Amino acid sequence: MVYSRSFERSIIKLGNSMAITFPQEWFQNSDLQEHSKVFVLPVDDDTLIIQRNNYIDSDSILHIDLNKWPSDLSEQLILTAFKLNVDQLYVKYDLKKNKQDYLVMINKLQRKIIGFDYSVLNDNSGIIIRFLLDSTKTTLPEILIELFNTLKEFIIGVLDKSLVIDQGIYQEKFARKYHLGIRLLLATLLKYPKLEGAINRPIIRTLGDRITLLYSRELMNHVLAIKNLPKEMLEKYSQILIDFSDLILSIIEKYNNNIKEELLISFQKKIDKLKKSLDTIDLDIKQEENMIRNVISRFFSICTDLIEISITRILEAKL
């Protein structure tokens, strides 16, 4: 936007510093917000240029001294940097003193983070971590499909005791995809720094994907909670759980692809059918059975919410 007038500002005292405020009219069109970074370029004693930092197009670099952090938080700190879309992480770390802890941490991170790469600094004072993921190769909707497909595979593996599987593989696969989803979600939200008017449909769509992403983690946690229940208890509810995992995956696969009213109606009929199936199962007074029924109840609720998100996208397409 080109402005036809200049703005006069007064210098104010802020703590031990001097400051000026931005003109409201200019600030609203600048894509800046609290804690945004700007370039301050002194030209001469009378002229100072302030320019918005186009941080989205530049590499983000973070420096961290892990020697000051408890060892059990180091891994989580690096995972958080990955989720926040950091490109390079300079980590100060006493490799000689903490060699075993360092190797264990690196091994865990390589299994959890797609595109994780690192190198040791020449003076052995730390490491450089690079997150090499090219997020343009995938999208958040694609990751959601992969997450719920992994969830379905895990449910089948938990319920079918005849399968000899390493359940940790599915948990690690899910964790990697989930962290990738978080990264893509943040990158997508950066494209929409402010709401335009009462409705901003790209943000509404992205927030719907955010809810779906969180539901995937919640359901995985529920399955982890019931995976060690007695075999006969799992067998009793196995078909309903598998049918639910199929239904949720079908909704996720379709709700971004011009979903039609007829398909949603069929989804709702499947939910009603599953409810009737649950009602036909005799309830024993056991704590384990209450647990698995609570999980199934949450499946019902999440399916209903996903159908509501799908309805939003049907209406969105009509606007």
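The values are calculated or read from the model by the stated rules, or taken from the named source; none is laboratory data. These figures come from a predicted structure and were not determined experimentally. Virtual Cβ from ideal backbone geometry, glycine too; neighbours counted across all protein chains shown.
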Looking at the stretch 286-319, which of its residues are of a type in the set (D, E) and either assigned to a loop (DSSP other than H, G, I, E, B) or closer than 19 Å to T212 by Cα (or both)? D305, E308, E316
Return yes or no: is N67 at pLDDT 70 or above and part of a loop (DSSP other than H, G, I, E, B)? no
Residues that are outside any helix (DSSP H, G or I) and touching a residue at least 40 places away in the same chain (Cβ under 8 Å), drawn from the stretch 264-285: I281
Between S266, S310, S297, S301, which is out of contact with any helix residue (DSSP H, G or I) (no Cβ under 7 Å at 6 or more places or on another chain) and over 30 Å from E232 (Cβ atoms)? S266
Within the stretch 227-248, count every residue that is within 14 Å of L151 (Cβ to Cβ) and either at pLDDT 90 or above or not assigned by TED's automatic domain parsing to the domain that holds K173 (or both). 8
